[in-house]
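Here is the structure we will look at, set down as structure tokens.
Quick note: the coordinates plus some simple rules give every number you see, no bench work behind them. This structure is a prediction, so every number in the text was calculated from the model and none was measured. Here Cβ is always computed from backbone atoms with ideal geometry, including for glycine, and neighbour counts include all displayed protein chains.
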Amino acid sequence: MVSYAARRLLGVIPVMLVVGVFVFMLLHLGAGDPAALIAGDFATPAQIAHIHTLLGLDQPLPVQFGRWGWNILHGNLGVSVFSGVSVVKLIGERIWPTLALAVSTIVFSCALSIPLGIFAAWRAGTAIDRSVMALAVAAFSFPVFLVGYAMMIVLGVNWHILPVQGYAPLSAGLWPFLSHLIMPTVTLGFVYLALLARITRASMVEVLSQDYIRTARAKGLKMRTVLTVHALKNAAVPIVTTIGNGIALLIGGAVVTETVFAIPGLGRLTVDAITQHDYPVIQGLILVFGGVYVVVNLLIDLAYTLLDPRIRY
Amino acid sequence: MVAAIEPPAHRRPWRLPRLVGWRSPLRGRGALIGAAAVLIVIAAVSIAAPLITDVSPQELDPISRLLPPAADHWFGTDGLGRDVFARTLYGGRISLLVGFGVAVLTTVFGLLIGAIAGFARLADELIMRVMDGLMAIPGILLAAALMAVSHPGLTTVIVAISVPEVPRMVRLVRSMVLSVRERPFVEAAVLSGTRLPRLLLRHVIPNILAPVVVQATFAFAMAILLESYLSLLGAGIPPGIPSWGNIITDSINTVRTAFWPILFPGLFVAITVLAVNILGDSLRDFLDPRFVRQVRMAGSAP
């Protein structure tokens, strides 16, 4: 187990190195001088020269990469070209709304999709199963913003049940905090829910055809016990894997959802950075998002031994 | 294809799932034909847009701003008085082109890189680590970041969306190549002195084409969604040429008073993506049911 964990941990290094090289090369992939690109169309040569020295663009490429990587390993993601604030500080300020949205979405979609998937698998082949799976395919295909705006117009603008847009921190009170999160959570949860319901059903269907399920039934256990204890436990590994792989989808969806609901989170920061050509911020955000994906999947891989005692490394 | 066999009605609280002979309503021949028909209609009305409406998608009409759907403006007008129906039809040309372009690029590069990884053991490790790294970055962000450093345009959008789609295809192609190259007919070809390019083109690729085509349909669906997301994030196709994405983005500021400029192109996106996904699912069963697992495990695009 320890050697597996060590090997798995080492495996993170090449992945993050690729992410790092990509993020670094981003500035140099574009056509023309990156400093001129950042400065915009109306920059003076002096401003461009200033950005040059600010980003260290006058050094050779390997030196730039080495210096940049060294700074990142020391927790220094650079300074925003637009506001002059350090990228770490910017991300720290904006991370809470995104974290709240991500956690509430995972809780919401797991709470709904896993029972739905179990139910569909239990009733495999019936009309219930077909409608659940048809819904899952449809939810997959609907653009996030369409669901978001539709809900915003009906519940927020017309019926005044929920706040239309924005975000309230937990310090503003529990209900304002939750009420601002409901619509974004459902919007973002749609895709995740579809993904998880599909994999839960597929995994459960496979497990339910095993001999030990028949044995459990034959000894007179309640259907509920068999489904949740015997079947779900054995079907858990693919479901948890999908939750982990879905993190990339969740982050991408969160960026769109935050734009729709004007939530001042990391997604909003990303969009602003893209429109302002604020490269250090874009680079920092991609590194952070990539890191989150890698770490979550690492933890999930390591958690398999807890889920399934048969897995030994 | 075998016709779907209806399972018996269930009254008992418990039964073991039986999957033999069962098909989802969104699969099988009926679904395949239905989804293909929907796509053909959408493609046809987009291509034939000038024949269907004589209104220009860019024509401004300040007097008739934000009109709700009515007889003379089927989908209403937007904040600049442009006809949403005409814009949606013309936008389909660009959005479908993006989907098609991404599907083709993803397939070509996926086959190329995947085949190299599957055959060259030295390159394999390096290629797969690069693919792992690219897959760690959320697709929308990867595409948006690439758009931020390039001149926005149709070609750059197609390339930017293809980059996050290629790793999935590479993984699929590599795993298929690895299994195919152990098969006797490949060994026989190698022993009879077939060179690598011919071996790939004549023996390997034809045998892995079915799951690749299925994966390409998922890339198509994902591309249409990503095109609209990119516009929404301000990194999409410039507003000069209407696409479903930038039609929607143009009307976001007026969404509280007028929902239709977003609803109709949004529905076209949803219906197209749904049809392509259904097409992909049923194509998968139709081409070869054995490949179902392999495509799934390579991480089909949601």
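Can you give the mean number of other chain Cβ atoms that lie within 10 Å of the Cβ atoms in peptide B:218-229?
On the way: counts 0, 0, 0, 2, 0, 0, 2, 7, 1, 0, 5, 8.
Rounded to a whole number, the mean comes out at 2.
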Cα long-axis angle, helix B:205-232 against chain B (0 to 90 degrees, to the nearest 10): 30 degrees
Order of B:T155, B:T107 - criterion: other Cβ atoms within 10 Å of each residue's Cβ, fewest first: B:T155, B:T107
Distance in nm between pseudo-label sites at B:I40 and A:L221 (7 Å out along the Cβ direction from Cα): 5.2 nm
For the protein assembly as shown, with +1 on Lys and Arg beta carbons and -1 on Asp and Glu, the positive-most of A:L266, A:I106, A:I95 along the dipole: A:I106
C-alpha long axis of helix B:28-47 to longest principal axis of chain B, angle in °: 40 degrees
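Within a 10 angstrom radius of each residue's Cβ in A:203-211, how many Cβ atoms of other chains show up on average? Whole number is fine. Please list the in-between numbers first.
Working: counts 0, 1, 4, 2, 1, 3, 4, 1, 0.
Mean partner shielding for this stretch: 2.
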Cα long-axis angle, helix A:232-261 against chain A (0 to 90 degrees, to the nearest 10): 40 degrees
Among B:A258, B:T217, B:F75 - extreme Cα towards positive end, dipole of chain B, charges at beta-carbon: B:T217
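Rounded to the nearest 0.05, what FRET efficiency is calculated for A:W96 and B:R202 with R0 set to 56 Å and r the Cβ-Cβ distance? It would help to have the intermediate numbers written out before the result.
Details: r = 57 Å, r/R0 = 1.03.
Here the calculated transfer efficiency is 0.45.
Using a simple charge model, +1 on the beta-carbon of Lys and Arg, -1 on the beta-carbon of Asp and Glu, nothing else, what dipole does the protein assembly as shown show about its Cα centre, in debye to the nearest 20? All intermediate terms of the calculation are to be shown ahead of the outcome.
On the way: 44 positive and 30 negative charges, 620 e Å.
Value, rounded to 20: 2980 debye.
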Dimensionless Rg over Rh [the protein assembly as shown; C-alpha; Kirkwood]: 0.97
Principal axis dimensions, largest first and in whole angstrom, of segment A:92-222 by Cα: 54, 28, 26
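Could you work out how much longer the chain between A:Q165 and A:A134 gets when fully extended? Use 0.36 nm per residue separation minus the Cα distance between them, nm to one decimal.
Values: separation 31, 0.36 × 31 = 11.16 nm, distance 3.05 nm.
Contour length minus Cα-Cα distance gives 8.1 nm.
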Aspartates and glutamates whose Cα lies under 20 Å from that of A:K233, excluding same-chain neighbours fewer than 8 positions away: A:E206, A:D211, A:D301, A:D308
Longest segment of chain B lacking GluC sites (Glu not before Pro) that sit in a DSSP loop with at most 14 other Cβ atoms within 10 Å: B:60-181
Set of segment A:114-138 residues, backbone N closer than 15 Å to the point 7 Å along the Cα-Cβ line of A:A150: A:135-138
Per-residue average of Cβ from other chains inside 10 Å of A:11-19: 5
Computed [θ] at 222 nm, deg cm²/dmol, chain B (DSSP H ≥ 4; -39,500 (n - 2.57); rounded to nearest 500): -21000 deg cm²/dmol
Trypsin sites (Lys or Arg not before Pro) restricted to segment A:185-276 and DSSP loop, no more than 15 other C-beta within 10 Å: A:K219, A:K222
Computed label-point distance, nm, for sites A:S3 and B:I63 using a 7 Å Cα→Cβ extension: 8.4 nm
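Below 8 Å, C-alpha to C-alpha, sequence gap of six or more: please give me the relative contact order for segment B:61-141 in percent.
Numbers: 55 pairs, mean separation 11.1, N = 81.
The value is 14 percent.
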R0 of 30 Å, Cβ-Cβ distance A:T241-B:N253: FRET efficiency to nearest 0.05: 0.15
Residues B:V190 and A:V107, FRET efficiency given R0 of 45 Å [Cβ-Cβ distance, rounded to 0.05]: 0.25
Dimensionless Rg/Rh of segment B:139-264 - Kirkwood Rh, Rg from C-alpha atoms: 1.20
Estimated inter-spin distance, A:Q59 and B:I52, nm [label 7 Å along Cα→Cβ]: 5.6 nm
